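Trainee: Below you will find the structure I want to go over with you.
Coordinate-derived values only; no laboratory data. Everything numeric in this text was worked out from a predicted model, so none of it was measured. Cβ coordinates were reconstructed from backbone atoms using ideal geometry, including for glycine residues, and neighbour counts include every protein chain displayed.
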């Protein structure tokens, strides 16, 4: 957190000791020390008083913290997207490769196990789609940039928006082919 550094910087500029600053905002010297060493964080009333004493906005006082919080939130979102993507990928591969063995060894019970695996894969696919919609990422290049914590510039973004219609068409065709293949495999298994 940066507020401790900001407080110390402004306190030094105004030639105030921790005791003097503590008296002005009605807290103990130890509280000021804890804030400056980032052991605790000032409440909103104290932030208002600090901003008045130092003649800066609250935003300036906590700007570094806000940037760090934004970075941390973005990092957590990227990690969640990457984790959900990895889980979905593994479940998709397992569902494709396990259909025939599950049917061969477990018959009807195997199909129910496969449906469960496939259902969980669909759940993670929906989670990924929600995240993609939230961050307006659709094409491979946009997704790759997002997972690396980067953004595309305006020209690259417009180029990717132009590609979305073609990728949507290819996705629909791919899903149709995959559905046909899965239906065909299930029909063949049921005839055995």
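Trainee: Which whole-number percent is the relative contact order of the stretch 95-168 (Cα, under 8 Å, 6+ apart)?
Mentor: Details: 32 pairs, mean separation 14.0, N = 74.
Once normalised by length, the contact order is 19 percent.
Trainee: Specify the angular offset, from 0 to 90 degrees and rounded to the nearest 10, of the alpha carbon long axis of helix 58-106 from the longest principal axis of the alpha carbons in the chain.
Mentor: In the chain, helix 58-106 runs at an angle near 20 degrees to the longest axis.
Trainee: Kirkwood hydrodynamic radius, computed over distinct alpha-carbon pairs, for the stretch 3-56: how many Å, to one decimal? Mind showing how you got there, number by number?
Mentor: Details: mean 1/r = 0.0933 Å⁻¹.
About 10.7 Å for the stretch 3-56.
Trainee: If all Cα-Cα distances of the chain are sorted into 5 Å bins from 0 onward, what percent lands in each bin, rounded to whole numbers?
Mentor: In order of increasing distance, the bins hold 1, 7, 11, 12, 9, 8, 7, 8, 8, 7, 6, 5, 5, 4, 2, 1, 0, 0 percent.
Trainee: Once the convex hull of the alpha carbons of the stretch 66-148 is built, what does its volume come to per residue, in cubic angstrom?
Mentor: 91
Trainee: How would 118, 105 line up from fewest to most surrounding beta-carbon atoms within 10 angstrom? Walk me through the intermediate numbers first.
Mentor: Details: 118 18, 105 9.
In increasing order of surrounding Cβ atoms, one gets 105, 118.
Trainee: Sorted from fewest to most neighbouring beta carbons within 10 Å, what does the list 102, 50, 97 look like? List each step's numbers first, then the result.
Mentor: Details: 102 20, 50 24, 97 10.
Result, fewest neighbours first: 97, 102, 50.
Trainee: Given a cut-off of 16 Å, what percent of all Cα-Cα pairs of the stretch 131-192 lie beyond it?
Mentor: 58
Trainee: While we're on this one: Once each part is reduced to its C-alpha centroid, what is the distance from the stretch 174-192 to the stretch 1-42 in angstrom?
Mentor: 68
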